[in-house]
Amino acid sequence: MSLADFDWGLIWENREALINGMWTALSVSTVALLISTVVGLLLAVLRNGPKSVSWIAVVYINVFRGVPALVSVIWVYFGLSLVLGISFSVFQAGVIALSMLYSAFLAEIFRSALAAVPHGHTEAGWALGMRTSQIFFSVTLPQAIKIALPNIGSMYIGMVKDTSTFTVIGLLEVVRVTQNLVATTFQPFVLYTAAAIIYVIAAFAIDLIFRLIEGVYVRPPKALIGRAIRARQRRTIEKIVASTKANSLATAQLFVK
């Protein structure tokens, strides 16, 4: 039996169902990425804090880095929903499961990115009279995001692939759609090949998008966009400097009085 003997026309005939399945996977992954990015950053900050609270982040990170996506979504959909008395939809359960898992990975990414920012930048901020929170959000965090951005893109690709395990709760993503089509067409090789191609295309597209973001955010482009970005950065710096000068002047006047 050769490849020509398979009914490859099934891919085109069922393209809408397969694309809708990928759209579902991307939707779940995008919402989970936003949530896990925020939670991961909070965990990274908490882990760098005093030992009295950092152990909470350490336990969370080590636990959820070791839990498979399949186990996580079953635990959320069939366990956590009963404990809390909340009936999660398959979409909600998928988002929660991915957020719990990938916030642990993103916490480590942010922790290493924050550690890579030279401490001298923080000291320079203190020398200008900036508050610690102001230094973190205006100086440290933007640089850490630049460092972490490529790895965040890789995590997003991993999220999209992990949605394939959510067939167990009935999420209509690519693999679940493929399973339904195979049950009626009996062409598993053709349809699972199509599913694999769709995942590969999605991975290339996500990688391209994050490279474009990295190119703009890390290495600002030239011409009008570049000038606009640099002008905005200058205005932000001037605003911070003016604020710190005003605070320093007010403090000096108090001492004089």
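Any chance you could count how many residues in region 51-74 are closer than 21 Å to Gly170 by Cα and either in contact (Cβ under 8 Å) with a residue 24 or more places away in the chain or buried (at least 17 other Cβ atoms within 10 Å of the Cβ) (or both)? First the steps, then the outcome.
Just the residues of region 51-74 that are closer than 21 Å to Gly170 by Cα, to begin with: 67-74.
Then drop every residue that is not either in contact (Cβ under 8 Å) with a residue 24 or more places away in the chain or buried (at least 17 other Cβ atoms within 10 Å of the Cβ) (or both), which leaves 67-70, 72-74.
Summing the residues that are closer than 21 Å to Gly170 by Cα and either in contact (Cβ under 8 Å) with a residue 24 or more places away in the chain or buried (at least 17 other Cβ atoms within 10 Å of the Cβ) (or both) in region 51-74 gives 7.
Would you mind stating whether Ser99 is modelled with pLDDT of 95 or more and not hydrophobic (A, V, I, L, M, F, W, C)? So that I can check it myself, show each step before the final result.
Values: modelled with pLDDT of 95 or more: yes; not hydrophobic (A, V, I, L, M, F, W, C): yes.
So Ser99 fits the description; yes.
Residues that are within 30 Å of Ile11 (Cα to Cα) and over 16 Å from the mean Cα position of the chain (by Cα): list the helices (runs of 4 or more DSSP H) wholly contained in region 120-213 that include at least 3 such residues.
Numbers: elements: 132-135, 141-162, 174-185.
The helices (runs of 4 or more DSSP H) meeting that bar are 174-185.
Looking for something at pLDDT 85 or above, more than 14 Å from the chain's Cα centre (by Cα) and within 25 Å of Phe210 (Cα to Cα) - is there at least one such residue anywhere in region 76-89?
no
Of everything in region 38-50 that's touching a residue at least 40 places away in the same chain (Cβ under 8 Å) and more than 18 Å from the chain's Cα centre (by Cα), which residue is surrounded by the fewest Cβ atoms within 10 Å (Cβ to Cβ)?
The selected residue is Asn48.
Of a type in the set (Gly, Ala, Ser) and in contact with a Ser or Thr (Cβ under 8 Å, 6 or more places away or on another chain): does that describe Ser99?
Working: of a type in the set (Gly, Ala, Ser): yes; in contact with a Ser or Thr (Cβ under 8 Å, 6 or more places away or on another chain): yes.
It is true that Ser99 is of a type in the set (Gly, Ala, Ser) and in contact with a Ser or Thr (Cβ under 8 Å, 6 or more places away or on another chain).
I need the full set of residues from region 102-146 which are closer than 16 Å to Ala242 by Cα and touching a residue at least 24 places away in the same chain (Cβ under 8 Å), in order please.
Matches in region 102-146: Leu128, Gly129, Met130, Gln134, Ser138.
Looking at (1) more than 18 Å from the chain's Cα centre (by Cα); (2) under 30 Å from Val177 (Cα atoms); (3) assigned to a helix (DSSP H, G or I), which one does Val53 not meet, given that it meets all the others?
It fails just one condition, (2).
Tally up the residues in region 77-95 that are surrounded by fewer than 22 Cβ atoms within 10 Å (Cβ to Cβ), of a type outside the set (Gly, Ala, Ser) and part of a helix (DSSP H, G or I), please.
Filtering region 77-95 down to residues surrounded by fewer than 22 Cβ atoms within 10 Å (Cβ to Cβ) leaves 78-92.
Applying the additional criterion that residues be of a type outside the set (Gly, Ala, Ser) yields 78, 80, 82-84, 86, 88, 90-92.
Okay, now just the ones that are also part of a helix (DSSP H, G or I), so 78, 80, 82-84, 90-92.
Qualifying residue count, region 77-95: 8.
Looking at Ser72, is it part of a loop (DSSP other than H, G, I, E, B), among the polar types (S, T, N, Q) and either farther than 22 Å from Thr140 by Cβ or out of contact with any Ser or Thr (no Cβ under 8 Å at 6 or more places or on another chain) (or both)? Steps first, please.
On the way: part of a loop (DSSP other than H, G, I, E, B): no; among the polar types (S, T, N, Q): yes; either farther than 22 Å from Thr140 by Cβ or out of contact with any Ser or Thr (no Cβ under 8 Å at 6 or more places or on another chain) (or both): yes.
For Ser72, the condition - part of a loop (DSSP other than H, G, I, E, B), among the polar types (S, T, N, Q) and either farther than 22 Å from Thr140 by Cβ or out of contact with any Ser or Thr (no Cβ under 8 Å at 6 or more places or on another chain) (or both) - is not met.
Only one of these is surrounded by 17 or more Cβ atoms within 10 Å (Cβ to Cβ) and within 20 Å of Leu34 (Cα to Cα): Gly153, Gly125. Name it. Break it down into steps so the answer makes sense when it comes.
Values: Gly125 fails: within 20 Å of Leu34 (Cα to Cα).
Sole residue among the options that is surrounded by 17 or more Cβ atoms within 10 Å (Cβ to Cβ) and within 20 Å of Leu34 (Cα to Cα): Gly153.
The values are calculated or read from the model by the stated rules, or taken from the named source; none is laboratory data. This is a predicted model, so every value here is computed, not measured. Cβ sites come from the backbone with ideal geometry, for glycine too, and all protein chains shown count toward neighbours.
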